[in-house]
Structures are given as C-alpha cells and as structure tokens.
Amino acid sequence: MEPNQSVGDAPAEANTDFDSAPAAAPPSATDRYWLHLLLFVLTVASTVYVGASWWANRLLHYEAHDQTISLFFLTLNQAWLVDGLRYAIPLVGFLTVHEFGHYFAARYHGVRTSLPYYIPFPFNGIGNFGAVISIRQRIPSTRSLFDIGVAGPLAGFVVALGALIYGFATLPPPEYLLDLPGHEALKAHIRQYGTFPDTHPASSDGMPVLVVGFTPLYWALSQFFVNVPPMYEMYHYPVLFAGWLGLFFTALNLLPVGQLDGGHVLYALLGDKWHRRFAQAFVFVLLFSGGIGFMEGVQQSLRDVSPWLGRSSWILLAAIYYGYLYKIFGGTDRRTWAGLAGLLGAVAVAMTLGATGLGWTGWLVWSLLIIFLVRVKHPPVLRPQNLTPGRRVLGYTAIAIFILCFSLQPLGTL
C-alpha cells in the first residue's frame, strides 16, 4: 500500500495504488497518541449515547428516583449509562480488535502503520463510522498482503460471534418490550399471548419500522435459543444488535472486490485473473440488488406524483448503471452495453416476479464507493508469492465467514 493508506471497518477501506513507486514514510510520521486516545474516547461516548437512546426506557422515561452517577462534569442516569455501555462495549470492542488485527499483522511483517483512528458520529443510528489505520509504506509481498488483510476480519469476527452468542444466551422474555414507549399493538399481543407476533402489527403512528436482515449465521444460532425477537425489534436488544452489526461490518470488509479485506484475500488465493472475474460478478450482484431496491422505492414515489415520472425511473436507473459500467470497463464497449441490458432485464424480471426480498438501495451507494474509490480490480503486488497451506485454509475460512455474515437485504423498513 502507498503511504498514509487507510485500512478499516465499515463503511469501507479506502483505495490503494500499488502501481505507484515505493515511497518511504517520512521520519515525522509518528503516532499522535493524544489524538488516537481522544478519538477513541469520543467514539465510546458517541456510541454509548446512541445505544442509550435506543434502550433503557428511552431517556425521557426514567424515573426521577433512579440512581445517578457523576462523570467528570456530567451527571448521568445510571441505568441509561449501563444500557448504553451494553451496546458500546461489544461494538467498539469489535472495531478495536478488528483494527489491531491489521495493526499487529503489519508490525509482524515490518510494515509501518499507525494506531487506529476511530470515527465518532452520534447521528447515524450506530454511533460511529468505524475505524481505520494508516499504512505508511507499500506492502511488499503476497503473503504479507494476505496476512494483513485477513487478520482484521478474523479477529473481529471472534468478538462479533461472542457478542451474538452472549446476546442470545441472555435474552429476556418478550415482556421486556412492555417498558417501551409506544408499540401499543405489539405490547397488546405480548400481554395476550406472551409471545412475539408472527408479523409486525400496524404502527399506530405510521412511522417506518427498521428491519435488519437475516444472515445464515444469525439464523442458525437463533434456532438454539428461546425468546429470540423478530428482526423488526432486534435493535431494542443492545448486545444482540451490537453482535449483528459486527457480522454486518465483517461482511462489508470481506466483500470480494478491489482492495477491501476480502479483495486482498481473494487476490492472494486465486491471483489477478480470477479475482477480476469474481469481483466483477459480485459487483453485478450488488448492482442488481440495488436496482431492485431503487425501483421499489423511487418508482413508487415518482408514480405518486405522476404516472410518467414513475416510468422515467427506468431511465434514471439506466443512467446510473451506465455510469458504473463505464467506469468498470474503462469506457463504452460491447461489455458495457451487454452489462446494461443484462442488469435492466434482470431487474425487470425480478420486479415482475415480485422478488422484493432481493433488493436494497444501499448497494447502489456501496457500489459507488467500490467502483470509484476502492476499485474493482486489485493492483499487482511487488513480489508475487504462493500462499502456504495454512494461509490457504485461513483464506477459505474468511470466505466462509463472509458467506455466513452476508445479507443481500441487510436493512429495510416496514
């Protein structure tokens, strides 16, 4: 990787140019420990705030006599703080272990790198935008590239899996949700039957309800536990939701494209030719899913304004697809036109068949980042090497983890 290259968790790892000439890190490129510590503290605080806003009787519903705790110049409700920490500790712990997996692998290979830079953000419903490290020199060989790329996802996955299992094992009964403000139809069903309803009851306020997607691993684990909440209520369970987010971020980093962790693994395992084929095919899958989600959302909104505008959404989708394919194939040629026709035709067939469970508009955004920032193609390494048998086992393990953690429709609304 070139100097100051970032490697990190979701949203995604930035692009690296391996074709540029090697450049040594400047002597002044040292860690500013105070900055890393400050960003870490702010990320913990931001994530605690978001977690406590989701749970713990929703801040406005605390009893006046609840215990408080003094923290520096703040006086906080103790229950509010505890529930915020129940979400923040596993999530920030996952980010930390993931990044230090990269960090220690880089140090093992003598590659200069920074400590993690955490990215606090209290306004996105999660509490942060992940973390990144900065690689301060080019990664010299296939084996070092593989080790640095695979170490983060494997290490972070262990934390996410542990949080998920702990969350399942400590689930309260459905009556736990009776303390929520609102949700009257849901609470009425729980009071009457003591179970969650099979489908989400109609919302009394008409507000959209967040639904997170099943992944193969989440579904398999959920079969061994009782009181598992439906996916439209899972975000009210702090440890469980943090574990699910850990799986989601692991899958994002292991997307088998370009210079994401999964791209590094696939390139090291299979070489340039097969990496390029698999990466392009997978981007087409993301574009297909994103197109279905786009048409489901945008077409209906435009149709409410005018039937003609509803039909014009296909033109807009075709323009988006063309821009992406032009960048992937380096211009307009038969592959661009064939890809455009194939994607539009596949989306049209899926819409006709009512395959709504395959679409998520967010993949169009991720495809934008991948195609224009991360890149689909992986640049060559300085010193190609064959992987050792042990590394190949780890590589295929990482691919299996990706499959277990990936959801084609990770987020949605009811």
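The values are calculated or read from the model by the stated rules, or taken from the named source; none is laboratory data. Remember, it's a predicted structure, so these values are computed and weren't measured experimentally. When we count neighbours, we look across all protein chains shown, and the Cβ atoms used for this are built from the backbone with ideal geometry, even at glycine.
With the condition kept exactly as written, say whether any residue in region 244-258 is in a loop (DSSP other than H, G, I, E, B) and touching a Cys at 6+ places or on another chain (Cβ under 9 Å). Reasoning before the result, please.
Narrowing region 244-258 to residues in a loop (DSSP other than H, G, I, E, B): 254-258.
Pick out the ones that are also touching a Cys at 6+ places or on another chain (Cβ under 9 Å) and you get 254.
Among the residues of region 244-258, at least one is in a loop (DSSP other than H, G, I, E, B) and touching a Cys at 6+ places or on another chain (Cβ under 9 Å), which makes the answer yes.
In region 314-348, the residue that is surrounded by the most Cβ atoms within 10 Å (Cβ to Cβ) out of those that are under 28 Å from the mean Cα position of the chain (by Cα) and among the β-branched types (Val, Ile, Thr) is VAL347. Would you check if PHE146 is part of a helix (DSSP H, G or I), in contact with a Lys or Arg (Cβ under 7 Å, 6 or more places away or on another chain) and surrounded by 19 or more Cβ atoms within 10 Å (Cβ to Cβ)? The answer is yes for PHE146.
Just to be sure before I move on: is GLY110 over 23 Å from the mean Cα position of the chain (by Cα), of a type in the set (Gly, Ala, Ser) and modelled with pLDDT of 90 or more in the structure I sent? Give the steps one after another, and end with the answer.
Details: over 23 Å from the mean Cα position of the chain (by Cα): yes; of a type in the set (Gly, Ala, Ser): yes; modelled with pLDDT of 90 or more: yes.
Yes; evaluated as a whole, the condition is true for this residue.
The lone criterion from (1) acidic (Asp, Glu); (2) buried (at least 22 other Cβ atoms within 10 Å of the Cβ); (3) at pLDDT below 90 left unmet by GLU184 is number (2).
Consider region 89-119. How many of its residues are among the charged types (D, E, K, R) and in a loop (DSSP other than H, G, I, E, B)?
At the first step, the residues of region 89-119 found to be among the charged types (D, E, K, R) are 99, 107, 112.
If we keep only those that are in a loop (DSSP other than H, G, I, E, B) as well, we get 112.
The total comes to 1.
Quick check on LEU171: is it in contact (Cβ under 8 Å) with a residue 12 or more places away in the chain and either in contact with a strand residue (DSSP E or B) (Cβ under 9 Å, 6 or more places away or on another chain) or buried (at least 19 other Cβ atoms within 10 Å of the Cβ) (or both)?
So LEU171 fails the test.
Has region 173-182 got at least one residue that is at negative phi, of a type outside the set (A, V, I, L, M, F, W, C) and part of a loop (DSSP other than H, G, I, E, B)? Break it down into steps so the answer makes sense when it comes.
Applying the first criterion (at negative phi) to region 173-182 yields 173-181.
If we keep only those that are of a type outside the set (A, V, I, L, M, F, W, C) too, we end up with 173-176, 179, 181.
With the extra rule that they be part of a loop (DSSP other than H, G, I, E, B), the set shrinks to 173, 181.
Yes - at least one qualifying residue is present in region 173-182.
Out of all the residues in region 126-136, is one or more touching a residue at least 40 places away in the same chain (Cβ under 8 Å), of a type in the set (S, T, N, Q) and outside the structural domain of ASN227 (by TED's automatic domain parsing)? Looking for residues that are touching a residue at least 40 places away in the same chain (Cβ under 8 Å), of a type in the set (S, T, N, Q) and outside the structural domain of ASN227 (by TED's automatic domain parsing), one finds at least one in region 126-136, hence yes.
If you take the residues in region 253-297 that are polar (S, T, N, Q) and assigned by TED's automatic domain parsing to the domain that holds GLY330, which one is farthest from the chain's Cα centre (by Cα)? Spell out the reasoning first.
Within region 253-297, the first condition is being polar (S, T, N, Q), and the residues that meet it are 253, 259, 280, 289.
Then drop every residue that is not assigned by TED's automatic domain parsing to the domain that holds GLY330, which leaves 280, 289.
Working: GLN280: 20, SER289: 16 Å.
Going through the qualifying residues, I end up with GLN280.
In the set PRO307, PRO238, only one residue is modelled with pLDDT under 95 and crowded, with 24+ Cβ neighbours inside 10 Å; that residue is PRO238. How many residues does region 385-402 contain that are in contact (Cβ under 8 Å) with a residue 60 or more places away in the chain and either surrounded by 13 or more Cβ atoms within 10 Å (Cβ to Cβ) or in a helix (DSSP H, G or I) (or both)? Total meeting the criteria: 12.
Residues that are within 20 Å of the chain's Cα centre (by Cα) and over 21 Å from ARG32 (Cα atoms) were ranked within region 122-143; the one that is surrounded by the most Cβ atoms within 10 Å (Cβ to Cβ) is GLY127. Can you tell me which residues in region 403-414 are buried (at least 19 other Cβ atoms within 10 Å of the Cβ) and farther than 19 Å from SER222 by Cα? GLY412, the sole residue that qualifies.
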